[in-house]
Structure formats: structure tokens, C-alpha cells
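Report on the following structure.
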Amino acid sequence: MTVDTADGGYIKTKDAVMKRLYAVIDAAIADDIYVIVDWHDYKAYDHLNYSIEFFNTVSKKYSGVPNIIYETFNEPTHDDWSTVVKPYHEAVIKTIRANEPNSVIVVGTPTWCQSVDKAAADPITGQKNIMYTLHFYAGSHKQSLRGTATAALNKGLPIFVTEYGTVFANASEPVDEAETRLWWDWLDQHSISYVNWAISDKAEGASALKPNTTADEVCQEKFLTASGKLVVAQNKK
């Protein structure tokens, strides 16, 4: 869910974006796959009232539906975990749990979801089915970030990679296949779920689809980018 963008988002065009959101969620349910409902906002704490309203609406509508994973804050940047980000998450978690006591809720961590060590040092307590977001782009983030994440895991922090790319962090090529495979091996070793960015046809290296790919052409070999080919093959294993 985009929140406050030049061409709309939840704050400016709520009805239109909610219609699109429900279409995606309902399609995922119909196909029996998981769907991550993500508040895609770098300054979510400035929009807490909107966020609470949004998650209250969605968790009421889909209460008891097992397909949905809630992600409360996409990529906090340089905000402090304990005094800014964590309290925001706790407020939103309380809202969701009033309607949906069991769904997995994934909470964003600082530094564009890389500082899982900070969350491990001061985790959310008194809740169940809470996980912590780790994001990486193989061309930019390598063993150092895996080391940080391993240390957090060793402290008992449950991690979910809700976004990763095979390219650089700015979404540009080339694909770093060797580093991507190191990441996949590490993720599988630790039984961590991971979701590729992105099933889109935007003209950038991180997209799985070539520009102007239609819905009927999605994931056909000839319409996949270099990244798309690598990721689709991995996802079929």
C-alpha cells in the first residue's frame, strides 16, 4: 500500500488504492497463496493514525483468513529502533490483534531493514507470531549483512526477508548471480522465507519482467529479465 506519493496513495486516493489492494488480496486467496499486506511508507510514524485505520480495516475484513501476512512498516531509514520504530509497531500490532489474533506480523527494522541486530537487542515482547524484516540486494549487501543477521538469529530473533534483489540496491544491473546464490544458501540453511523484488515490468534490473509484458505473458521464459530467469528457476525448486 503506497501511502503518500505524488500521484496518490492511501492518504490522497484511499478508495482507489484500497480497490486495487482488495483485488490483489482476493486473487491471492483464490489461488491459495500468501499475500503480504505492506504499509509502504518510509515515514510511517508520521502517519500512525492512517496506518492504524488501514490495518484495522483490512484485518477486520479478512479476519481468520490464513493467507495474509501483515507488514507494518516498510524500510525505516535512520530512525531509532527503541524510541521511534518499535513503539510504532506496537501500536499497529495492537490494532491488528484486536481483529486477528494469529496472523504473522512482520515488522520493519532500521537502515532500510538491515539493522536486525538492533531489534534483537530490544525485541517486541508480550506478542506471538511476530517476525522481523531483513532486506538485501545481492550486488550491494554481502557477507557483512549475513553476519549481522546470523548474530540476530543466534539471539532468537525470527527473520523474514520480505524483499531481496539479485542486483544493486538502486535496482540497477548487473545481476550478481554468485552472491545471490550465497544468499539463497544462507536463507535455506536457516529456514528463512524470502520474497523477490519485484514481479514488475519496470525498466530496471530488479524487475522480473521485461518492459510492456502483459498479464498473460507473466513468467513465460521469453518475457523474463536476467533477474527474472534466475529467480523463477529458484522458486521452482
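Just so it is clear, none of the values below were taken in a lab; they were calculated from the coordinates. On a predicted model such as this, the values are computed, not experimentally measured, just so you know.
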Which of these, LYS19, LYS155, LYS210, has the largest mean-square fluctuation under a Gaussian network model of the chain (Cα springs below 10 Å)?
LYS19
Estimated 222 nm signal from helices in the chain, with DSSP H stretches of n ≥ 4 weighted -39500 (n - 2.57), rounded to 500:
-11500 deg cm²/dmol
Find the lysine pairs in the stretch 1-108 meeting two conditions, Cα atoms under 25 Å apart and a separation of 8 or more places or different chains, and report how many there are.
18
If the reach is capped at under 21 angstrom between alpha carbons, list the lysines near LYS229, excluding any in the same chain fewer than eight residues apart.
LYS202, LYS210, LYS237
GNM top mover of TYR132, TYR42, TYR22 - the chain, alpha-carbon springs below 10 Å:
TYR22
Suppose we keep just the DSSP beta bridges with both residues in the stretch 1-108; what percent of those would be antiparallel, to 5?
10
Name the most mobile residue of GLY126, GLY147, GLY64, meaning the one with the largest mean-square fluctuation, in a Gaussian network model of the chain with Cα contacts below 10 Å.
GLY126
Between THR166 and residues 5 or more places away or on another chain, the pairs with built amide H atoms under 5 Å apart involve ALA138
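At a threshold of 8 angstrom on Cα-Cα distance, excluding pairs fewer than six apart, so keeping six or more, what relative contact order does the chain reach in percent?
On the way: 390 pairs, mean separation 27.0, N = 237.
Contact order relative to length: 11 percent.
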